[in-house]
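Take a look at the structure below.
The values are calculated or read from the model by the stated rules, or taken from the named source; none is laboratory data. All figures in this text were calculated on a predicted structure; none of them were measured in a lab. Cβ placement follows ideal geometry from the backbone for every residue including glycine, while neighbour counts extend to all protein chains displayed.
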């Protein structure tokens, strides 16, 4: 189900299932507030203004690190970005990887007995809900840390600690809607270059890649023990996040027009666009960013869907 459909019902939204390739590199986060030089050229490869842009007083907006000299050039840069993100629509997000079932994996490692596995499976069948790991903990007394460790082996990822967590400081990294819908929890930023992104029982590589491309930080995903994850996730959802607008357009050209209007009005220092599952995440910087995490008041997010394709 669309992350946006759940909150603003709409008909016929087409899923955008594959993210742009990892090689699509966006520039570092914006650190300057004005056009760098009188002779700076428009970033739109198709710009037809020639030398006329020298007499234009506008110092913004910037789109993906490049200044645009006119609304027409802003629209063309956005059109290229939308086309890039929509490219590959209809493919699969991730090549299927066979994973050893959790119960068998834990049995092989000697972390549970066959009787415990049978008891947990029976409880799961009787109730018709709940994950196997939850029943192993609740009904069979299996330590939760072993279930989390086994899930980490399933996903080939680390189990991450939750210590000195600063939810308010990390909230500007992602829209609240993504944390809620995809069960993600930013944990910490290390050395100004790496952000740890936690999940409870399964990773979301699409969201991790989107965060990497928007923030310019390398993202390391891992699992967090459920009893630690859930209260920390609930606390973070109560934090203040950057303002967000939900935008649904009838078509890709209509989306470009709507975004161009907003960007020309706000004149951001930078604008970036990435795909996250079935929506496009557009982030606008309205003030320079002086560290790995932007100030909440310095960015604004637009989450976009296209109603018909």
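Computed values, structure above
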| item | result |
| --- | --- |
| Residue satisfying all of: in segment 154-164; in contact with a helix residue (DSSP H, G or I) (Cβ under 7 Å, 6 or more places away or on another chain) and at pLDDT 95 or above; surrounded by the fewest Cβ atoms within 10 Å (Cβ to Cβ) among these | 158 |
| Restricting segment 175-199 to residues that are touching a strand residue (DSSP E or B) at 6+ places or on another chain (Cβ under 7 Å) and assigned to a loop (DSSP other than H, G, I, E, B), the residue that is farthest from residue 162 (Cα to Cα) | 175 |
| Given (1) touching a residue at least 40 places away in the same chain (Cβ under 8 Å); (2) more than 22 Å from residue 133 (Cα to Cα); (3) touching a strand residue (DSSP E or B) at 6+ places or on another chain (Cβ under 7 Å), index of the condition residue 208 fails | (1) |
| Subset of segment 264-296 [without any contact (Cβ under 8 Å) to a residue 40 or more places away in the chain and either within 15 Å of residue 213 (Cβ to Cβ) or outside any strand (DSSP E or B) (or both)] | 265, 282, 286 |
| Residues that are part of a helix (DSSP H, G or I) and within 18 Å of the chain's Cα centre (by Cα), drawn from segment 235-263 | 236, 237 |
| Boolean, residue 233 is on the phi > 0 side of the Ramachandran plot and either surrounded by fewer than 20 Cβ atoms within 10 Å (Cβ to Cβ) or touching a residue at least 12 places away in the same chain (Cβ under 8 Å) (or both) | no |
| Odd one out for residue 144, checked against (1) at pLDDT 95 or above; (2) over 35 Å from the mean Cα position of the chain (by Cα) | (2) |
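Residue by residue, here is whether (1) more than 22 Å from residue 280 (Cα to Cα); (2) at pLDDT below 95; (3) crowded, with 17+ Cβ neighbours inside 10 Å holds:
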| residue | (1), (2), (3) |
| --- | --- |
| 70 | yes, yes, yes |
| 79 | no, no, yes |
| 93 | no, yes, no |
| 100 | yes, yes, no |
